1. Where does each of 33-39, 19-25 land if you order them by average Cβ count within 10 Å, highest first?
2. What figure, in Å² to the nearest 10, do you get for the accessible area of E29 with a 1.4 Å probe and non-protein molecules left out?
3. Considering only protein heavy atoms, what is the solvent-accessible area of S14 at a probe of 1.4 Å, reported in Å² to the nearest 10?
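The values are calculated or read from the model by the stated rules, or taken from the named source; none is laboratory data. Please read these numbers as outputs of a predicted model, since none were measured by experiment. Every residue, glycine as well, gets a Cβ built from its backbone with ideal geometry; the counts of neighbours run over all protein chains shown. When the accessible area is computed, the model is the full protein with side chains, heavy atoms only, and any ligands, DNA or RNA have been set aside. Shrake-Rupley method; radii C 1.70, N 1.55, O 1.52, S 1.80 Å.
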Amino acid sequence: MTAPTPPPSAAALSAAGLCASCTHRRVVESARGSVFVMCGLAKTRPHYEKYPRLPVLQCDGHAPAGADGD
């Protein structure tokens, strides 16, 4: 049994640009240990990329985490 891997560091997430602070962001880790940022808006809005190229510097769907009481 392997130990659970820690969540990505703040420095690693800051490289994601706007996604780092977005409420729609989901961090996905592959079985090999690679970390990807998935956009939750892509599930319902096809013009958003599921795995956007990072860093994201401009996004109409960006919603800062905690803005709606999170």
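1. Output ranking for 33-39, 19-25: 19-25, 33-39.
2. For E29, the solvent-accessible surface is approximately 80 Å².
3. 80
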